[in-house]
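The structure appears right after this line, and notes come after that.
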There are 4 protein chains.
Amino acid sequence: MGSTWGKNLNITIFGESHGFAIGVTIDGFPAGVELDTVFIDKQMARRRPSSSSFSTKRKEADEAEILSGIKDGHTTGAPITAIIRNSDQHSGDYEEMMRIPRPSHADYTASIRYENFHDVRGGGHFSGRLTAPIVFCGALCRLALRRSQIETVAHIKRIYDVEDKPFDLTDISKDEILRLQNASFPVLDEGAGASMMLIFETAKEKLDSVGGIIECAVTGLPAGLGSPMFEGIENKISSLIFGIPAVKGIEFGTGFGFAGMFGSEANDPFIIENEKIRAKTNNNGGILGGISTGMPVVFRTAIKPTPSIGQTQKSVDMVSHTETELSIKGRHDPCIVPRAVPVIENAAAIAVLDMMLEKNGYSGI
Amino acid sequence: MGSTWGKNLNITIFGESHGFAIGVTIDGFPAGVELDTVFIDKQMARRRPSSSSFSTKRKEADEAEILSGIKDGHTTGAPITAIIRNSDQHSGDYEEMMRIPRPSHADYTASIRYENFHDVRGGGHFSGRLTAPIVFCGALCRLALRRSQIETVAHIKRIYDVEDKPFDLTDISKDEILRLQNASFPVLDEGAGASMMLIFETAKEKLDSVGGIIECAVTGLPAGLGSPMFEGIENKISSLIFGIPAVKGIEFGTGFGFAGMFGSEANDPFIIENEKIRAKTNNNGGILGGISTGMPVVFRTAIKPTPSIGQTQKSVDMVSHTETELSIKGRHDPCIVPRAVPVIENAAAIAVLDMMLEKNGYSGI
Amino acid sequence: MGSTWGKNLNITIFGESHGFAIGVTIDGFPAGVELDTVFIDKQMARRRPSSSSFSTKRKEADEAEILSGIKDGHTTGAPITAIIRNSDQHSGDYEEMMRIPRPSHADYTASIRYENFHDVRGGGHFSGRLTAPIVFCGALCRLALRRSQIETVAHIKRIYDVEDKPFDLTDISKDEILRLQNASFPVLDEGAGASMMLIFETAKEKLDSVGGIIECAVTGLPAGLGSPMFEGIENKISSLIFGIPAVKGIEFGTGFGFAGMFGSEANDPFIIENEKIRAKTNNNGGILGGISTGMPVVFRTAIKPTPSIGQTQKSVDMVSHTETELSIKGRHDPCIVPRAVPVIENAAAIAVLDMMLEKNGYSGI
Amino acid sequence: MGSTWGKNLNITIFGESHGFAIGVTIDGFPAGVELDTVFIDKQMARRRPSSSSFSTKRKEADEAEILSGIKDGHTTGAPITAIIRNSDQHSGDYEEMMRIPRPSHADYTASIRYENFHDVRGGGHFSGRLTAPIVFCGALCRLALRRSQIETVAHIKRIYDVEDKPFDLTDISKDEILRLQNASFPVLDEGAGASMMLIFETAKEKLDSVGGIIECAVTGLPAGLGSPMFEGIENKISSLIFGIPAVKGIEFGTGFGFAGMFGSEANDPFIIENEKIRAKTNNNGGILGGISTGMPVVFRTAIKPTPSIGQTQKSVDMVSHTETELSIKGRHDPCIVPRAVPVIENAAAIAVLDMMLEKNGYSGI
């Protein structure tokens, strides 16, 4: 298996980059959620390749066709399947791929795992294109979560050596959320954003790519969501987010920053604010013992530079078993981080909805 | 739910810090694995509180009593349940806890999640003591994995501002593995280890605690293990490891370091070495597309400072709904990182065995 | 949830009778299985409505379009999604259904479960039409199982008061299997088959329907497949087969017949035959302790009369909360048992493949 | 795996007949349920061997020791583990079992499945003794269900050729429920009960055993519980109930009786009764489309004669690969049906609680 996730929702992402279609099948989605296609299309558009400096030129219509589970503009409670037809394919670019695996791509591991029966064209099922149905699914989940005033929002936290401002872990304003959710290049510090653009140009010129960090917040979560040990919020989110290609690390709240702190600095004192129990600081990223505190849940993900670069690289010929070189043709983003922002922002909603569909926090039945 | 993990193995960790017993029930463990109680006891002993400077003085015998699933010194294939009786309890220390949640502990979130029916004594089911059955379970898994020459090993990578040497991602020698697995304070650089000890002393004197990073490697994994998207090695390991209290971040291979790299630096070229396909560098930590490359799988986890500190802290009284102070009595480690090393080293084996029990990498049935 | 099944395979059946399409998404299907579209089409055709006396006249092309997971005529190991477009819809027939639930249909329970957001047209997601993707999925599984000489075969065991001959539980010949798999009306006793046809005519004339029993066998299973307690063969098969609309009972081997037997009659003595251990009788239907014995696995399912009958029936108006009458228009099979035979024959293969993909029966890893 | 069941509850049954202990680990049990040990003990006692004519004389104290998940007489929400120590063991009776499998027992299939590493003593993990923790677990679930006035009740429907009266599918009175739940030999027709006793005597004299049918009802279920296709009530209950040794068939409502009916007889008309929508008849056993109608859920299970009989039987020697004979020593029930009644009555509650813990029937989140 592999492409299936969830306990209360069961989602399966299917399709290959150069196959007939990609899509998602979702079982367990609650009935009666109004379908806001404008919102969903907007999320799809944010992920879609654009003419900006950091993106490929592949033309993907990326229109999701919903085949089931919707009637009269509302979810029915039955499984939802949505597909996106593939159209703009240049598989010729990838012919030698069956023999010469691209460094840091899944070509080599897939050839072993699937005994060379995998579809290697365009990365096949391992392609970043498979994030389109994740965005669709996540956007749908956000429609359900909005009934409970739960929002997910993300921004580019870092590109190479340029750092954006971090979220204020204790308070993320609705205005800021709205602004970032609608920004074409979501950063908190526009100056940092401009510097990031320069790095993209450099990478592009050098036929290279560059990595970064995305910071994502979930706001509006009630306290008491999640479970101890293996079904905590960290476990749920990480088990989903590592399904996004190129993600190689995740941290919650202060995350790896905790390593350099004393407990007296790190602990989040409880306070009363507007008659509610809150934490004064939020180093724990809104999660204690796997369960939500009611503070914003904040996590950061490390995104590796896309391994598809124009420079000539060393690899091996798996047939002749000799060392060789390859240069990847085709169109590739110098940096996938900007397009990964809506992917993570929407994917986070899948994990959160799955947890909201758990009947917990209640002693009765 | 929450305390259950696994697909091919199904493990449930049960018990409370000051209840009758803690333990684990494991279903799906392969039959015919020889029980090496000396090895298991050694792993349990490594986690057990000791008289060293960084540990509590709680006397825990921590003897695992195996109730089922073993006969004539071998696993039978039937579920294995092992329990560890609790003995040395001072629940009186924790009396006010139901009203005044300890900052950065799960007291507050548990009280909401379980409507005050949770066992708050000693942290109850959220206690670090629950890592003892994780170690037992992981040690058992290692006995199975050793048949395939798969090893897990970990060391303290960082305490506060002191960094240990990192693993060589491309090659971890058997000698080094053996040395670390048997070290009372596992570091690669003994000088760094000595500096870490000084930090523990400082923390102890200040009635404080301190965080750190643990680096763990899995060696001997065949290429082709794991699955794309949501059942990749990163997903599996992170979904398990975040079940260990105090873990707030995880990264694989170069992890967050990827954010500051160009693709041309980050990509791992394939080479032929001793007639085998290998990667020249291993920034991807032995994982491409969720699937093992055959290189060492390396991950790092951020461990927050234990929130139990002797200093007076601010909190709230959940009954009177007012702000107040509390000072935590009892015995607490100034740093849980050293004792978390065997927890992570053994827990990693659970995730790996679960994947080894998947019938993948084979086109036939 | 509901429409998702499986552990090693994860299948989700989606779609509604009068929606855009129905279909199936399958994750975990092994790579390298050759796609025999002739075989699959034949299975689809067997389930399709025909002009025979027992079937509806709805014209369903029922052509499955495979969108993913296949390349160069082989499975790739990535998720497989296949869809069947709906075309011949007369939703007008079903207009009053939202108010007046059809007796013994799911209209009433769906309206409560999904708070009236369900698609009621043609039964929506509860329609017997949803068995088409089950047949597709099962046919695909049979292609994998044939590599191991595992076959599934079914026949009509009973219609009203007419009984077909039962399978010989100890030995089902390859010729008989082949004949039944290709029969348009699969029975062992052609005389019984002729009598069944007369009953269909009677039911048709009376605008009525009639129930029956289907007997299904799985041959070629190796001994040692399945697991004790809740993952035994009986559990697996029944948890899948009750997903087929109108199934209301299942029994294995001698099944309910055991109630009238003494142990000395019921026990299956072991014998040596052709140097192999076999059972002399097979009252246990090839399963002991949930695990296969190597004898044929045989089960029978009770199929209730299709509740869609032309006669005027009593029901209630859920809006006015009064008793009323309804007469179901449209085209309905007087007996769904014949078309359910290929559904069960193919569905059984899904359960068996899921178990064959379990890495059990091996002490090593 | 095998001994683990459930989605919202995760239960694992562990232990062997002649091992140290048997027991159950339950994750996901709701917090705040009051522990009624008198009720639980009573259920355990009903299953326990007694001095009656149909039972073995093995003395099992069967006292469940609860190790976790309970505090101050209430469930805490954390996993519950309960163990029952084994004491009265005569393993010597079973020595030859590794070589000569008992007909219709799991000895043969277990030896293949677990490569002879299974514990064969007393049937090991396959023993009927493993139903004790199922009863414990089910009794606990009933305590939760009683908050919602949901009851489970069962009686002996048939022994050999003696039939008890069936439940009235449309209405089972509270008095009748109470009487059966407390009866030492639960039947609706005392005359039939007396005849059954005579059959037990006959079986005992002949060193034989005899089979039967148990009928079980779940009352008080709200309409709208369960899900379509594979998570319907039939699927859930059957996937659990086939985990009870000796169960070889299950039917819901009229079950196999549907085979001999016309739709006009079989359909359950909706009516208004006391201002509520109900069904006039209940052939569907309270389930339509997998979802509860609000009528009693009724199912019947076929119980095979216990294969442990005193008569000499034919079997094979798996070492010498020759045919041989064996006679089973030890103490065995001539009929396990009476003791299986509380097993099924309590087990049903596990399936129902799992479904009640699903957040369904609600469009909101």
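The values are calculated or read from the model by the stated rules, or taken from the named source; none is laboratory data. Since we're looking at a predicted model, the values are computed, not measured. Note that each Cβ is placed from the backbone with ideal geometry, even for glycine, and that neighbours are counted across all protein chains shown. Surface areas here come from the heavy atoms of the whole protein model, side chains and all, with no ligands, DNA or RNA. Shrake-Rupley method; radii C 1.70, N 1.55, O 1.52, S 1.80 Å.
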| request: Quick one: in the stretch D:254-280, of everything that is among the acidic types (Asp, Glu) and closer than 24 Å to C:Ala203 by Cα, which residue is farthest from the other protein chains (Cβ to nearest Cβ)? | output: D:Glu265
| query | Which pairs do you get when a residue that is at negative phi, found in the stretch C:110-128, comes within reach of a residue that is among the β-branched types (Val, Ile, Thr) and in a helix (DSSP H, G or I), reach meaning Cβ atoms under 9 angstrom, with the pair 6+ apart or on two chains? | reply | C:Phe126/C:Thr109; C:Gly128/C:Val343
| Just one of the numbered conditions (1) under 23 Å from C:Arg158 (Cα atoms); (2) within 7 Å of chain C (Cβ to nearest Cβ); (3) in contact with a Phe, Trp or Tyr (Cβ under 9 Å, 6 or more places away or on another chain) is not true of D:Gly285; which one? | (2)
| said: Of all residues being among the charged types (D, E, K, R), in contact with a helix residue (DSSP H, G or I) (Cβ under 8 Å, 6 or more places away or on another chain) and outside any strand (DSSP E or B) in the stretch A:289-334, which is most open to solvent (accessible area, probe 1.4 Å)? Just the residue, please. | reply: A:Lys329
| query | Here are some residues: B:Ser148, B:Ser184. Which one is touching a residue at least 60 places away in the same chain (Cβ under 8 Å), open to solvent by 10 Å² or more (accessible area, probe 1.4 Å), under 27 Å from B:Ser50 (Cβ atoms) and small (Gly, Ala, Ser)? | reply | B:Ser184
| query | Residue check: is D:Asn116 open to solvent by 10 Å² or more (accessible area, probe 1.4 Å), within 18 Å of C:Gly226 (Cα to Cα) and at pLDDT below 95? | reply | yes
| task | State which residue is most open to solvent (accessible area, probe 1.4 Å) when the search covers only the stretch D:225-253 and only residues that are more than 7 Å from chain C (Cβ to nearest Cβ) and either over 15 Å from D:Gly289 (Cα atoms) or outside any helix (DSSP H, G or I) (or both). | result | D:Pro245
| said: Tally up the residues in the stretch C:152-181 that are open to solvent by less than 80 Å² (accessible area, probe 1.4 Å), within 26 Å of D:Ser264 (Cα to Cα) and without any contact (Cβ under 8 Å) to a residue 60 or more places away in the chain, please. | reply: 4
| task | Mind listing whichever residues of the stretch B:198-210 are touching a residue at least 24 places away in the same chain (Cβ under 8 Å) and surrounded by fewer than 19 Cβ atoms within 10 Å (Cβ to Cβ)? | result | B:Glu201, B:Lys204, B:Lys206, B:Leu207
| Of the residues that sit in the stretch D:254-280 and are modelled with pLDDT of 95 or more and assigned to a loop (DSSP other than H, G, I, E, B), which one is nearest to C:Ser239 (Cα to Cα)? | D:Thr254
| Identity of the residue in the stretch B:4-39, of a type outside the set (A, V, I, L, M) and without any contact (Cβ under 8 Å) to a residue 40 or more places away in the chain, that ends up most open to solvent (accessible area, probe 1.4 Å) | B:Thr37
| note | Sole miss for A:Ile214 among (1) more than 25 Å from B:His321 (Cβ to Cβ); (2) open to solvent by 20 Å² or more (accessible area, probe 1.4 Å); (3) more than 8 Å from chain B (Cβ to nearest Cβ); (4) in contact (Cβ under 8 Å) with a residue 24 or more places away in the chain is condition (2)
| Does the stretch A:121-133 hold any residues that are within 9 Å of another protein chain (Cβ to nearest Cβ) and open to solvent by less than 20 Å² (accessible area, probe 1.4 Å), and which are they? | A:Gly123, A:Gly124, A:His125, A:Leu130
| said: Which count do you get for residues in the stretch B:286-305 that are of a type outside the set (A, V, I, L, M) and in contact with a Pro (Cβ under 8 Å, 6 or more places away or on another chain)? | reply: 5
| Is at least one residue of the stretch C:110-117 in contact with a strand residue (DSSP E or B) (Cβ under 7 Å, 6 or more places away or on another chain), not in a helix (DSSP H, G or I) and not polar (S, T, N, Q)? | yes
| message | Just to check your reading of the model, which residue among A:Lys57, A:Lys42 is open to solvent by 30 Å² or more (accessible area, probe 1.4 Å), at pLDDT 95 or above and more than 12 Å from chain B (Cβ to nearest Cβ)? | response | A:Lys42
